[in-house]
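J.: Next up is a structure, given as structure tokens.
The values are calculated or read from the model by the stated rules, or taken from the named source; none is laboratory data. What you see is a predicted model; the values in this text were computed from it and never measured. Quick reminder, even Gly has a Cβ in these numbers, built from the backbone with ideal geometry, and neighbours come from all protein chains shown.
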């Protein structure tokens, strides 16, 4: 791992560099401000991780993050600052809006244990790398047709019992040259081009087959698959999904279809028709990334959802963040009143788990439980879980 540290305080910068060397970083680059950091990136090329302060000389952390978002030179970012928590939370949302993979926006001083946890929890560094270049839609579709895409599965666990309840299917691209690539590299281009259907149906088929296999080992395990709102504009979608589950003899009640709420519903009539048909056939519907998107309450009222997934931006660190804690607690309470199952995404620490459990949340999903894994590895995880429970 190659790390760039941008920090204007010499002692703190060198201390952080020593910590990274202790944790086994391959190379640590140092910059005193954003301008120097960008110059290093231009000369050195891409780095795996940027750790930056907010208050720096000629270019501060916010401007540096904006510039990083316009390039593909940094895999992930950690923000350090002595400012109050609400300000850091806003910086985290800003980074997300700029398209930056943010591991954390945290208070100074950064401890060795906290740094290790952030690196361990990094999806981009430990699960699927983001590419150093952009792929065309034709390249992505060719990869799909060549069988390079597969579903990874991340467990969902009951907070009350600790038992495995299901898994979410997450697309990964095993690129022959770039290695394992995460969804940010291929899902947005496919959606913008209106070409997401081929990947969607591939994930549905792989997830249905996997879940049918799980059912032979233990009962009651569900699988969740993401649907794009662009796909829901096709009135035939519900029948196509039902045909997939029927072809592998999977009970539709074992499949949860997750609909992201980060965009407005386009063809409202066709979308609602699909929602009704899917629910009539026994599928469950989940509203994903709740709290981050467009017209959240309106979409909850419009559609027959049965599950609400609280976005990781609220769940991660909620035990230490009063604002996030209030949002999580109110979301769980609303889900209960609406008769929905509630799921906390991005559970990374035991304190987050405990807070969700105390709030009455039903399920937890995140790196504290397990990272996304290939189907064969998930089956091993499943058979191990059936012998006991996760506490």
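J.: Residue 227 - would you say it is within 23 Å of residue 183 (Cβ to Cβ), at pLDDT 95 or above and in contact with a strand residue (DSSP E or B) (Cβ under 6 Å, 6 or more places away or on another chain)?
T.: no
J.: So in region 268-287, with the set limited to residues that are touching a strand residue (DSSP E or B) at 6+ places or on another chain (Cβ under 7 Å) and either farther than 20 Å from residue 244 by Cβ or part of a loop (DSSP other than H, G, I, E, B) (or both), which one is modelled with the lowest pLDDT?
T.: 287
J.: Can I ask one more? If residue 337 satisfies every condition in (1) without any contact (Cβ under 8 Å) to a residue 60 or more places away in the chain; (2) in a helix (DSSP H, G or I); (3) under 21 Å from the mean Cα position of the chain (by Cα) but one, which is the exception?
T.: Condition not satisfied by residue 337: (3).
J.: With respect to the numbered conditions (1) within 27 Å of residue 305 (Cβ to Cβ); (2) in contact with a helix residue (DSSP H, G or I) (Cβ under 8 Å, 6 or more places away or on another chain); (3) part of a loop (DSSP other than H, G, I, E, B), which one is the sole condition not fulfilled by residue 332?
T.: So the condition that residue 332 fails would be (3).
J.: Go through (1) touching a strand residue (DSSP E or B) at 6+ places or on another chain (Cβ under 7 Å); (2) modelled with pLDDT of 85 or more; (3) within 30 Å of residue 322 (Cβ to Cβ) one by one and return the number of the condition residue 19 breaks.
T.: Tallying (1) touching a strand residue (DSSP E or B) at 6+ places or on another chain (Cβ under 7 Å); (2) modelled with pLDDT of 85 or more; (3) within 30 Å of residue 322 (Cβ to Cβ), residue 19 fails exactly one: (1).
J.: Let me ask you something else. Looking only at residues in region 340-355 that are surrounded by fewer than 23 Cβ atoms within 10 Å (Cβ to Cβ) and part of a helix (DSSP H, G or I), which one is modelled with the highest pLDDT?
T.: 354
J.: Considering each residue of region 230-239, count those that are part of a helix (DSSP H, G or I) and either at positive phi or surrounded by 15 or more Cβ atoms within 10 Å (Cβ to Cβ) (or both), and give that number.
T.: 5
J.: Answer with yes or no whether residue 166 is crowded, with 21+ Cβ neighbours inside 10 Å and touching a residue at least 40 places away in the same chain (Cβ under 8 Å).
T.: Criteria met by residue 166.
J.: Taking the options 17, 95, 37, 31, name whichever one is closer than 20 Å to residue 117 by Cβ, touching a helix residue (DSSP H, G or I) at 6+ places or on another chain (Cβ under 7 Å) and not assigned by TED's automatic domain parsing to the domain that holds residue 367.
T.: Just a single option satisfies the conditions, and that option is 95.
J.: Give the residues of region 304-323 that are farther than 30 Å from residue 278 by Cα and not in a loop (DSSP other than H, G, I, E, B), sorted by residue number.
T.: Across region 304-323, the qualifying residues are 322, 323.
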